[in-house]
Amino acid sequence: MIRNRNFQITILWALQSRLGSMASMLQRPILRLGQILSISQLSPMNQTPSDWNASKGIAKSMLRDRATRRKILGYGLFLVLAWIAIGMWGVDEWLADRAMRFLVWWGVCMFLTLMLVIFALYDALSVIREERSKKEL
């Protein structure tokens, strides 16, 4: 439950950095896990992070949440299958016209597939790590 709260706080903190002064002007309280957190409390010492740090925070929080990882894997699988289907039946004649089109299309497909496999391995290793840490506690 703490991990889920940290995930939400990190997302909100990153969104605050994207919104900038508009978020600090609004000062809307956000209801999360039974506690009200104002937007100004989300960033440490009210510092505005850079876009790079905000993006790192969003990525880190997404990678730590199992449900989010599984959603990303599902969307990635759908994307790869759609890419293959479109390449096989939708634009097959267009791809056959030029060798460079063919190589680029299927190269991108191969890249997406390899990234999906690597992310699936990361997810499997993360699940193993999470389960081991539960057993140790």
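The values are calculated or read from the model by the stated rules, or taken from the named source; none is laboratory data. All of these numbers come straight from a predicted model, not from anything done at the bench. For neighbour counting, all protein chains shown are included, and Cβ atoms are generated from backbone atoms with ideal geometry for every residue, glycine included.
Quick notes on this one:
- Any hit, segment 87-94, residues being farther than 30 Å from R129 by Cα, surrounded by fewer than 16 Cβ atoms within 10 Å (Cβ to Cβ), at pLDDT below 85 and small (G, A, S): no
- Pairs, first of a type outside the set (A, V, I, L, M, F, W, C) in segment 118-133, second assigned to a helix (DSSP H, G or I), C-beta under 6 Å, six or more apart: D123/R69
- All positions within segment 69-78 that are loosely packed, with under 14 Cβ neighbours inside 10 Å and either aromatic (F, W, Y) or touching a residue at least 40 places away in the same chain (Cβ under 8 Å) (or both): R70, Y75, F78
- D65, sole failed condition from (1) free of Cβ contacts under 8 Å to residues at least 40 places away in the same chain; (2) surrounded by 14 or more Cβ atoms within 10 Å (Cβ to Cβ): (1)
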